[in-house]
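Visitor: Pasting a structure here, questions to come.
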Amino acid sequence: MVRQGAGLRLVKQANTSLIINVLKAQGPLSQAEISRITKLTKSTVSGIINELMSAGVIREAGVGTAGSSGGRRPTLLELNPEAFYVVGVDIGTTNIHAILTNLTGASLNEKAIPTLPRDGLDSLVRRTVELIKEIVQEPGIQMSELVGIGVAAAGLVDHKTGVVKYSPNFNWRNVPLKDLLENTIQVPVSVDNCTRVMARGEMWFGAAKTVSNLLYVNVGYGIGSALVIDKKVVQRDSEMGHIAVMEDGPVCGCGKAGCVEAISSGSAIEAKAREAVNQGRSSMMRDLCDGDPSRITAKIVADAARAGDITARRVMSDAGRYLGKAIAAAVNFFNPELVVIGGGVSLAGDIYLEPVLSGFRSYVMRDLYSDDKIVLSELGIRGGVLGGAGLILGEFSRLDAGGPPGRIEDVRSANSY
Ligand SMILES: [Zn+2]
């Protein structure tokens, strides 16, 4: 466990977080306005403000207008976005990607390096730490100004302990990733499953900023999912990829048959396209892979489909329709306000989304259908790193997933000030 600086401990306290959130959402404000909005007494507000000012977390922002009774014009206060910084890290099978943001989530630096999983865990931890130091120090920021590092990792992750219980991609079992990173870098680290982290990215920075209930579907090499209920990312394994959608369908990595992951994921799309080209079906994909079908990627399939290639269109359309069917099952089950599809395959765009919507429309209960229920993530490959930053920003401001603070009574009942 890493000791946190006095500034960070301070902002983690309930009333302090409440004031920070109000300033973030509605600032600049005077002390009297903060007191009115938070329902905290003026002396409580004043005490907290003094501490936050000396810690550099808030700053003066000019003067407001005098009240109706006249008198001195009040000093306005605002959050200082450069008071602390956070880092988001996405440890993928191919790349380790890291981003440095300020407290508003604005990106200050960003870089990716190859993961090289074969070099082993020690090397991966060491290179991740080097990458973090590099993106922090390049713009002239001290490591001591970091409030935390949020890490997205594939596989079964215990968010509380930061242990990766199982990651088939890296062949990891019970890897204490949080402790390994913290011990090397001496900054608080938070680790979670990459799909849950990406869902958080959507809540903070993406399509789900105003949404309370979300189904996030991560379509990459496999298919992962995460649920957000009442603005909280549900800390349970959500395996929508293994909803069975086809009787006697292709065998899935999980050992069962007909799972949507075996039909609609990036690897399933590639397998289906390779099979079609190997069978001699005429397709521009043959040229796009230089005559070697084993080099067909989901991106090649999407490019060919977009260019009108019938075989590629068929592959994308089948994949999309079955994902729509699985999403319909999930929506019938808990009816989120929004479904966001992210991950590598979402970069295919409308060529993938249209058949998803068509499959969804066919299988969802009519009253639960709407045209704008399912959208593609706009965060692209940055979903994981932005979500990692959101993981820390959420802990920092005690908001699980962005949006306005919870009921004031709830926060005050947790009063530790
Ligand atoms: Zn399966």
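Visitor: Show me the helices (runs of 4 or more DSSP H) entirely contained within the stretch 8-90 in which 3 or more residues are modelled with pLDDT of 90 or more.
Guide: In the stretch 8-90, the matching helices (runs of 4 or more DSSP H) lie at 31-38, 42-54.
Visitor: Count, please, the residues in the stretch 276-299 that happen to be open to solvent by 60 Å² or more (accessible area, probe 1.4 Å) and part of a helix (DSSP H, G or I). Show your work before the answer.
Guide: Going residue by residue through the stretch 276-299, those that are open to solvent by 60 Å² or more (accessible area, probe 1.4 Å) are 278-279, 281-282, 284, 286-288, 290, 294-295, 299.
Next, from what is left, pick out any that are part of a helix (DSSP H, G or I): 278, 286-288, 294-295, 299.
Looking only at that region, the number is 7.
Visitor: Just to be sure before I move on: is residue 356 touching a residue at least 24 places away in the same chain (Cβ under 8 Å) and in a helix (DSSP H, G or I) in the structure I sent? So that I can check it myself, show each step before the final result.
Guide: Values: touching a residue at least 24 places away in the same chain (Cβ under 8 Å): yes; in a helix (DSSP H, G or I): yes.
Spelling it out, residue 356 is indeed touching a residue at least 24 places away in the same chain (Cβ under 8 Å) and in a helix (DSSP H, G or I).
Visitor: I would also like to ask the following. Which pairs have Cβ atoms under 9 Å, sit 6 or more apart or on different chains, and link a residue in the stretch 230-257 that is more than 30 Å from residue 388 (Cα to Cα) and among the acidic types (Asp, Glu) to one that is within 9 Å of the ligand (Cβ to nearest atom) and assigned to a strand (DSSP E or B)?
Guide: Within 9 Å, the pairs are 247/257; 248/257.
Visitor: Can you find even one residue in the stretch 133-145 that is among the small types (Gly, Ala, Ser), farther than 30 Å from residue 57 by Cα and modelled with pLDDT under 95? I'd like the intermediate steps shown before the answer.
Guide: Our first condition is that a residue be among the small types (Gly, Ala, Ser); within the stretch 133-145, this holds for 140, 144.
From the residues that got through so far, the ones that are farther than 30 Å from residue 57 by Cα too are none.
Taking every residue of the stretch 133-145 in turn, none turns out to be among the small types (Gly, Ala, Ser), farther than 30 Å from residue 57 by Cα and modelled with pLDDT under 95.
Visitor: Looking at (1) more than 10 Å from the ligand (Cβ to nearest atom); (2) under 25 Å from the mean Cα position of the chain (by Cα); (3) open to solvent by less than 20 Å² (accessible area, probe 1.4 Å), which one does residue 273 not meet, given that it meets all the others?
Guide: (2)
Visitor: Just checking, does the stretch 309-317 include any residue being in contact (Cβ under 8 Å) with a residue 40 or more places away in the chain and either within 16 Å of the ligand (Cβ to nearest atom) or open to solvent by 70 Å² or more (accessible area, probe 1.4 Å) (or both)?
Guide: No, the stretch 309-317 contains no residue that is in contact (Cβ under 8 Å) with a residue 40 or more places away in the chain and either within 16 Å of the ligand (Cβ to nearest atom) or open to solvent by 70 Å² or more (accessible area, probe 1.4 Å) (or both).
Visitor: While we're here: Which numbered condition trips up residue 113, out of (1) part of a strand (DSSP E or B); (2) closer than 22 Å to residue 20 by Cα; (3) under 23 Å from the mean Cα position of the chain (by Cα)?
Guide: All conditions pass for residue 113, except number (2).
Visitor: Output the residue which, of all residues in the stretch 146-179 that are at pLDDT below 95 and touching a Ser or Thr at 6+ places or on another chain (Cβ under 7 Å), is farthest from residue 84 (Cα to Cα).
Guide: So, considering only residues that are at pLDDT below 95 and touching a Ser or Thr at 6+ places or on another chain (Cβ under 7 Å), the one farthest from residue 84 (Cα to Cα) is 169.
Visitor: Something else about it: Is it true that residue 322 is open to solvent by 10 Å² or more (accessible area, probe 1.4 Å), touching a residue at least 60 places away in the same chain (Cβ under 8 Å) and aromatic (Phe, Trp, Tyr)?
Guide: Answer is yes for this residue.
Visitor: State which residue is least open to solvent (accessible area, probe 1.4 Å) when the search covers only the stretch 89-112 and only residues that are free of Cβ contacts under 8 Å to residues at least 60 places away in the same chain and under 14 Å from residue 344 (Cα atoms).
Guide: Looking at residues that are free of Cβ contacts under 8 Å to residues at least 60 places away in the same chain and under 14 Å from residue 344 (Cα atoms), I get 95.
Visitor: If a residue must be out of contact with any strand residue (DSSP E or B) (no Cβ under 6 Å at 6 or more places or on another chain), surrounded by fewer than 19 Cβ atoms within 10 Å (Cβ to Cβ) and closer than 19 Å to residue 19 by Cβ, how many such residues does the stretch 63-88 contain?
Guide: 1
Visitor: Taking residue 302 as meeting all but one of (1) more than 16 Å from the ligand (Cβ to nearest atom); (2) at pLDDT 95 or above; (3) open to solvent by 10 Å² or more (accessible area, probe 1.4 Å), write down the number of the exception.
Guide: Only one criterion is unmet by residue 302, namely (3).
The values are calculated or read from the model by the stated rules, or taken from the named source; none is laboratory data. Just so we're clear, the structure is a prediction, and the values are computed from it rather than from any experiment. Here the Cβ is made from the backbone with ideal geometry for all residues, glycine too, and neighbour counts use every protein chain on show. Heads up: the accessible areas ignore ligands, DNA and RNA and are worked out on the full protein's heavy atoms, side chains in. Shrake-Rupley method; radii C 1.70, N 1.55, O 1.52, S 1.80 Å.
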